[in-house]
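Peer 1: Take this structure, written in C-alpha cells, and hold onto it; I'll ask about it next.
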Ligand SMILES: [Zn+2]
C-alpha cells in the first residue's frame with residue numbers, strides 16, 4: 001500500500017469558483033470555494049492547510065467531514081461517487097510566511113505600506129483555498145477577490161478582471177491549469193504596459209517606492225521574450241496578458257504563475273542608468289526563465305513532482321537560448337559556463353547527491369527537490385547536450401509537437417524524449433537515461449599507454465565516494481577525427497598517438513566548447529602539449545582547462561600546488577570568463593592560508609602580481625565605449641587587488657568613496673560594492689556602519705542594498721558585528737528573504753564567524769519558525785558548509801546538525817554538507833604545506849623575474 005495517496009485518485013475537479021476576502025487589518029482570510037468534479041470514491045480527500053473549515057456541502061447538502069492535520073486533508077464522506085459539487089466555507093490566518101497568501105512590507109516617503117501577493121508552488125495553494133493541490137489535477141478557475149480596499153489600489157490575477165461588484169473583483173475564467181500556478185495580488189502599484197506583435201498585453205508592476213524608469217528594462221525584455229518564444233516554440237502565448245510583478249518580500253527568485261509572474265524586486269526592477277552589466281544579464285535571464293515556463297510548465301505541466309526537473313532544467317536552458325537571441329552582443333552562454341556549469345560540476349561531484357530525476361512521494365520531501373545545482377544547472381547542462389546532438393530545427397519541431405499533444409494537460413520526461421526522438425530520429429531517451437537517473441558524472445582520463453591514445457571513464461568524486469561501476473553515454477566532442485561521437489564503453493583506444501598528433505597538427509582535446517557534463521584528466525604528455533599552445537585556445541576552452549584542473553585538485557587527483565605555477569599564463573587575459581576562473585582558483589587557495597600569517601601575505605603578494613597590470617589597464621571607472629568583457633572583468637580584478645592589499649588601489653578606492661560620500665548610490669554600480677567594502681575594512685568607523693545601515697533601510701535599489709550588505713558584514717570590529725547580528729531578527733532592517741546573505745557575510749568574516757555561528761545555533765528555532773516552510777531553507781546549511789574549514793568547526797557542525805538528521809527535507813543536505821566540510825578539512829591537512837610552498841616559490845620567482 002502506498003503511504004502517500006494522490007488525492008486526485010479520489011476526486012477529479014473540473015471547475016472551481018474561488019471567493020476570497022482578505023482583511024489586512026485583522027490578518028484574516030475568509031473564503032468559500034465551490035468545486036465541481038467527479039468523485040472516484042465515496043470518501044474523498046481535498047487538500048487544506050491551516051484552514052478553519054466551517055462547513056462542507058455536497059450538492060447543497062451538509063456532509064460529514066474530518067480535518068487531518070498530518071496529511072493536509074479534509075476527508076469528506078459523500079456516500080456516493082460520480083458528479084459532485086462541493087461547497088466549502090472557511091477562514092484562515094494571514095501569515096508572514098512568504099507562502100500561500102502573504103503580505104509584503106515596504107515604505108514610501110516614511111509611510112509603511114503592504115502589498116498582498118501569493119506563492120503557491122509547491123503545495124501552498126491549499127493554504128489559500130481547499131483544492132486538489134496536485135499538478136495533475138488541472139481545472140478551470142473563476143476567481144473573486146475582495147479586500148479592505150483603499151482608493152487607487154490595483155488588483156491583479158492570472159486572467160483579466162471582468163467586473164467589480166460590491167467591492168468584489170471578478171476575473172475571467174482561466175484556461176485549464178494546475179493549482180500551484182494560480183496567483184493574485186493587490187496594493188498601491190505603479191505599472192508600465194506594452195503589447196507584443198501578436199497582441200499579448202505585457203505589463204510590469206512594482207510599488208511606488210521605485211522610480212518609474214526602473215520598470216523599463218523588464219518591460220522590454222518581457223515583451224521580446226514572449227515574441228521570441230512564440231516564434232521558437234511555434235505555439236502562440238496562451239493567455240491575453242503577461243504581467244510581471246515585483247514583490248518586496250519574496251522567498252525564491254521568481255515564480256512562473258501563469259499570466260502573473262512574481263519576482264523578488266532585485267530580479268525585476270533596476271535603474272537603467274546605473275546597474276552593472278552583470279546584474280542586467282542576471283535580471284534578463286530570470287525574466288526569460290519565467291516566461292519560458294509559460295509554455296513549458298504552465299501549458300504542459302509535469303504529471304507529478306518527480307518530473308520537476310523537466311520544468312526547471314528546460315526553463316534554465318531556454319533562458320540562455322532566448323537572451324542569446326535577444327542580446328547577441330552579451331555572449332550570455334559565457335555566463336552559463338561560469339555560473340551553471342561550474343555549480344553543477346561542483347555539487348554533482350559529492351557522493352550522496354540526488355540524481356536529476358528523483359522518485360518522491362512524501363510532500364515534505366518535495367521542497368528538498370529544488371537542489372538548484374542539480375535540478376536547474378545540471379539538468380540545463382544535460383539539455384544543452386541534447387540540443388547540441390539534435391540541432392535547433394529538430395528541437396523546435398519536437399517541442400511544437402510536444403506542446404500540441406499535451407497542451408492544457410500533463411506530461412512526463414518520456415513524453416518529451418519521444419517527441420524529440422520522432423523529430424530527430426535519435427533515441428534521445430536511451431542517451432539521457434544514463435545522465436538523468438544516475439547521480440554524478442564521469443572524469444574521462446586521456447593518456448598515452450604504450451603509444452596508444454587511450455580514454456577511460458570513471459565516476460568523479462570530490463571527497464570519499466563509493467565506486468559502484470556507473471557508466472555514461474558521453475558525447476565526447478573531441479578535436480581529432482578518430483574520436484567517436486559517443487563513448488559508451490568504459491575504455492576505448494583511439495590509435496597511435498604520435499601518428500594522430502602529426503596528422504591533426506594540434507594538441508589533443510576533448511569536450512571542446514565544454515557542453516558535455518564531464519571533466520577531462522589529461523596525462524602529463526597531453527597536458528604539457530595543451531599548455532604549450534594555451535594561447536591558441538578560445539576563452540571557453542581556457543576556462544574549461546582551469547575549471548577541470550581545479551576540480552581534479554579538489555578531488556585530489558592532482559595537487560593545487562601544481563596549478564599555482566600555471567596561473568600566471570592567464571593573468572593578462574582580456575576575457576571575462578578566463579579572468580573569472582583565474583580568480584576562482586586563486587580564491588580556492590585562500591583556504592590553505594591561516595589569517596594574518598606569513599602564508600597569507602605570500603598569497604596576497606601573489607594575487608597582487610596577477611592583478612597589477614590588469615588594474616593599470618582597466619582603471620577603476622568604466623570608460624565610454626569599452627567592451628562588455630572589460631566591464632565585467634574590472635570588478636573581478638578590483639576585488640583581487642583589494643584582497644592583495646595593494647596600497648595604491650586601496651588609496652584610490654578610498655578617494656572615490658570620499659568624492660562620492662554624499663551620494664553613494666550614484667557610484668558606478670560595477671564597482672560600488674568594492675568601494676564600500678574597502679571603506680568598511682580599511683577606514684571603517686561606527687558612524688560609517690550606522691550610516692550604511694540607514695541607507696540600507698531607506699533604499700529600494702536592490703543592487704545597492706546588496707552592496708551595502710556585503711560591505712557592512714565585512715567589518716572587523718567585534719562590537720559592530722554584534723550590532724549587525726542584532727539586526728538579523730529585525731525585519732525592519734533585514735527582511736527574512738535577505739537574511740541568508742547577511743548571515744553568509746558575517747560567517748565568512750574571520751572576525752565575525754564565531755558570533756554568526758553562535759547566533760544560528762542559539763536561534764535555530766526562530767529561523768525554522770520564520771523561514772522553515774521555505775524551499776530555500778536548507779541553503780542556510782549549504783552556506784555554512786561552503787565556509788567551514790577546520791576540524792574544530794567540523795566537529796561543532798556535526799554536533800549541531802546530526803541530531804536533526806531525521807527531519808524530513810534536511811537529511812540529504814546535512815549528510816552532503818558534512819561530507820563537503822570533511823573533504824575540505826582533509827584536503828587542507830594533506831596539501832597545506834605543498835600549496836603554501838608553491839605560492840612562496842611563485843612570489844620569490846616573480847621578484848627575481850622583476851629584477
Ligand atoms: Zn523555474
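Peer 1: Which of the residues that make up the stretch 754-786 are over 18 Å from the mean Cα position of the chain (by Cα), surrounded by fewer than 18 Cβ atoms within 10 Å (Cβ to Cβ) and under 21 Å from residue 799 (Cα atoms)?
Peer 2: 754, 755, 758, 761, 762, 763, 764, 765, 766, 768, 772
Peer 1: Moving to a separate point now. Within the stretch 743-763, can one find any residue that is in contact (Cβ under 8 Å) with a residue 40 or more places away in the chain, within 30 Å of residue 613 (Cβ to Cβ) and not in a helix (DSSP H, G or I)?
Peer 2: yes
Peer 1: Of the residues 714, 731, which is touching a strand residue (DSSP E or B) at 6+ places or on another chain (Cβ under 8 Å) and assigned to a loop (DSSP other than H, G, I, E, B)?
Peer 2: Result: 731 is the single residue among 714, 731 that is touching a strand residue (DSSP E or B) at 6+ places or on another chain (Cβ under 8 Å) and assigned to a loop (DSSP other than H, G, I, E, B).
Peer 1: Here are some conditions: (1) farther than 30 Å from residue 247 by Cα; (2) crowded, with 20+ Cβ neighbours inside 10 Å. Residue 667 meets all but one. Which one does it not meet?
Peer 2: Just one mismatch for residue 667, condition (1).
Peer 1: I would also like to ask the following. Evaluate the stretch 346-361: report whether one residue or more is farther than 20 Å from residue 437 by Cβ, within 16 Å of the ligand (Cβ to nearest atom), modelled with pLDDT of 95 or more and in contact with a helix residue (DSSP H, G or I) (Cβ under 8 Å, 6 or more places away or on another chain). Can you show your working first?
Peer 2: Our first condition is that a residue be farther than 20 Å from residue 437 by Cβ; within the stretch 346-361, this holds for 346.
Still in the list and also within 16 Å of the ligand (Cβ to nearest atom): none.
No.
Peer 1: So which residues in the stretch 264-310 are more than 30 Å from residue 673 (Cα to Cα) and within 14 Å of the chain's Cα centre (by Cα), if there are any at all?
Peer 2: 309
Peer 1: Still on this model: Restricting attention to the stretch 66-92, which residues are touching a strand residue (DSSP E or B) at 6+ places or on another chain (Cβ under 7 Å) and free of Cβ contacts under 8 Å to residues at least 40 places away in the same chain?
Peer 2: Once the filter is applied, which keeps residues that are touching a strand residue (DSSP E or B) at 6+ places or on another chain (Cβ under 7 Å) and free of Cβ contacts under 8 Å to residues at least 40 places away in the same chain, the stretch 66-92 yields 66, 67, 68, 75, 76, 77, 78.
Peer 1: Among the residues of the stretch 322-334, is there at least one that is surrounded by 23 or more Cβ atoms within 10 Å (Cβ to Cβ) and either within 12 Å of the ligand (Cβ to nearest atom) or modelled with pLDDT under 95 (or both)?
Peer 2: no
Peer 1: Out of the residues in the stretch 136-146 meeting the condition of being touching a helix residue (DSSP H, G or I) at 6+ places or on another chain (Cβ under 9 Å) and assigned to a strand (DSSP E or B), tell me which one is nearest to residue 118 (Cα to Cα).
Peer 2: This residue is 141.
Peer 1: Something else about it: In the stretch 619-642, is there at least one residue being surrounded by fewer than 18 Cβ atoms within 10 Å (Cβ to Cβ), more than 27 Å from the chain's Cα centre (by Cα) and assigned to a helix (DSSP H, G or I)?
Peer 2: The answer is no; no qualifying residue exists.
Peer 1: If you don't mind, another one. Return the pairs, sorted by first residue and then second, in which the second residue is at pLDDT 95 or above and near the ligand (Cβ under 9 Å from one of its atoms), the first residue lies in the stretch 311-324 and is under 18 Å from residue 223 (Cβ atoms), the beta carbons are less than 6 Å apart, and the residues are 6+ apart or on different chains.
Peer 2: Close Cβ pairs (under 6 Å, with a partner that is at pLDDT 95 or above and near the ligand (Cβ under 9 Å from one of its atoms)) amount to 318/292; 319/289.
Peer 1: Out of all the residues in the stretch 185-223, which are more than 17 Å from residue 265 (Cβ to Cβ) and under 24 Å from the mean Cα position of the chain (by Cα)?
Peer 2: Listed by number, the residues that qualify are 220, 223.
Peer 1: I'm trying to understand the selection: among the residues of the stretch 806-836, which are modelled with pLDDT under 95 and surrounded by fewer than 14 Cβ atoms within 10 Å (Cβ to Cβ)?
Peer 2: 806, 808
Peer 1: Another question, then. Residues 220, 216: which one is out of contact with any helix residue (DSSP H, G or I) (no Cβ under 8 Å at 6 or more places or on another chain), surrounded by fewer than 22 Cβ atoms within 10 Å (Cβ to Cβ) and closer than 23 Å to residue 317 by Cβ? Let's see the steps before the verdict.
Peer 2: Numbers: 216 fails: closer than 23 Å to residue 317 by Cβ.
Answer to the selection: 220.
Peer 1: Within the stretch 22-55, which residues are farther than 25 Å from residue 102 by Cα, out of contact with any helix residue (DSSP H, G or I) (no Cβ under 7 Å at 6 or more places or on another chain) and crowded, with 17+ Cβ neighbours inside 10 Å?
Peer 2: Correct list: 37, 39, 44.
Peer 1: While we're looking at this one, here's another question. Among the residues in the stretch 293-303, are any more than 16 Å from the ligand (Cβ to nearest atom) and under 21 Å from residue 133 (Cβ atoms)?
Peer 2: Yes; the residues of the stretch 293-303 include at least one that is more than 16 Å from the ligand (Cβ to nearest atom) and under 21 Å from residue 133 (Cβ atoms).
Peer 1: Would you confirm, using the coordinates I've provided, whether residue 397 is in a helix (DSSP H, G or I) and modelled with pLDDT of 95 or more?
Peer 2: Values: in a helix (DSSP H, G or I): yes; modelled with pLDDT of 95 or more: yes.
Considered against the rule, which asks whether it is in a helix (DSSP H, G or I) and modelled with pLDDT of 95 or more, residue 397 comes out as yes.
Peer 1: Hey, among the residues in the stretch 269-292 that are within 15 Å of the ligand (Cβ to nearest atom) and in contact with a strand residue (DSSP E or B) (Cβ under 8 Å, 6 or more places away or on another chain), which one's farthest from residue 239 (Cα to Cα)?
Peer 2: Per the stated criteria, the residue is 286.
Residues checked against (1) within 19 Å of residue 303 (Cα to Cα); (2) more than 16 Å from the ligand (Cβ to nearest atom); (3) at pLDDT 90 or above; (4) within 26 Å of the chain's Cα centre (by Cα):
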| position | (1), (2), (3), (4) |
| --- | --- |
| 374 | no, no, yes, yes |
| 392 | no, yes, yes, yes |
| 404 | yes, yes, yes, no |
| 414 | yes, yes, yes, yes |
| 421 | no, yes, yes, no |
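Peer 1: Does any residue of the stretch 601-615 turn out to be under 24 Å from residue 521 (Cα atoms) and either without any contact (Cβ under 8 Å) to a residue 24 or more places away in the chain or assigned to a helix (DSSP H, G or I) (or both)?
Peer 2: Scanning the stretch 601-615 turns up no residue that is under 24 Å from residue 521 (Cα atoms) and either without any contact (Cβ under 8 Å) to a residue 24 or more places away in the chain or assigned to a helix (DSSP H, G or I) (or both).
Peer 1: Is one or more of the residues making up the stretch 258-268 surrounded by fewer than 23 Cβ atoms within 10 Å (Cβ to Cβ) and on the phi > 0 side of the Ramachandran plot?
Peer 2: No, that holds for no residue.
Yes/no matrix, rows are residues, columns are (1) free of Cβ contacts under 8 Å to residues at least 24 places away in the same chain; (2) in a helix (DSSP H, G or I):
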| position | (1), (2) |
| --- | --- |
| 782 | no, yes |
| 789 | no, no |
| 802 | yes, yes |
| 812 | no, yes |
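Peer 1: Right, here's the next one. Going through the stretch 224-262 one residue at a time, which ones are in a loop (DSSP other than H, G, I, E, B), within 16 Å of the ligand (Cβ to nearest atom) and touching a helix residue (DSSP H, G or I) at 6+ places or on another chain (Cβ under 7 Å)?
Peer 2: Result: 250, 251, 253, 256, 257, 258.
The values are calculated or read from the model by the stated rules, or taken from the named source; none is laboratory data. Because the structure is a prediction, the values reported are computed rather than measured. Glycine gets a Cβ as well: all are built from the backbone with ideal geometry, and neighbour counts include every protein chain shown.
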